[in-house]
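Accompanying notes for the structure given below.
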Amino acid sequence: MGGILARDTPADLAEIAAYDITRVDLVACNYYLLPERQQGIDFAAFREKIDVGGPAMLRGAAKNCEHVIPLGDPDDYDEVLALLESGAGSPSAVPLSRRLALAEKAFRISAAYDDSVRALFQA
């Protein structure tokens, strides 16, 4: 997560250098729908389907959207790709206002995913 959460502070820059961490400019996480839990089906089968890494990385990117582009919806890929291509691949080609909107969307998508996970525990 260090490459996703790093900012341009002296402490972060020193830590990146000390541990040879590569900075991350973009995080794309595609959520999949969890199956509904049905009576008589073992909870362990559902537990294995719960993604914890993807949501954590997307939330980290959204938290640090000034430096990282958070993508949680494939419908946004073409637009962001076009902006990146127009800016010679530089992440700064995606305006901060757009990154903020993508961050809000990423948190909304993450919340909906968390709700679907929570529902597995209620069945």
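Remarks
- For Ser92, the conditions (1) more than 15 Å from the chain's Cα centre (by Cα); (2) farther than 24 Å from Gly2 by Cβ; (3) in a helix (DSSP H, G or I) all hold with the exception of (2).
- The lone exception for Pro70 - which of (1) modelled with pLDDT of 95 or more; (2) part of a helix (DSSP H, G or I) it fails: (2)
- Residue satisfying condition, being of a type in the set (Val, Ile, Thr), outside any helix (DSSP H, G or I) and at negative phi, within set Ile50, Ile16, Ile109: Ile50
- Residue-level analysis places Arg98 among those that are surrounded by 15 or more Cβ atoms within 10 Å (Cβ to Cβ) and not in a loop (DSSP other than H, G, I, E, B).
- Near pairs, Cβ below 6 angstrom, 6+ apart or cross-chain, from segment 112-123 (within 10 Å of Tyr31 (Cβ to Cβ)) to any residue that is modelled with pLDDT under 90: Tyr113/Tyr31; Ser116/Leu34
The values are calculated or read from the model by the stated rules, or taken from the named source; none is laboratory data. Since this is a predicted model, take the numbers as computed values, not measurements. Virtual Cβ from ideal backbone geometry, glycine too; neighbours counted across all protein chains shown.
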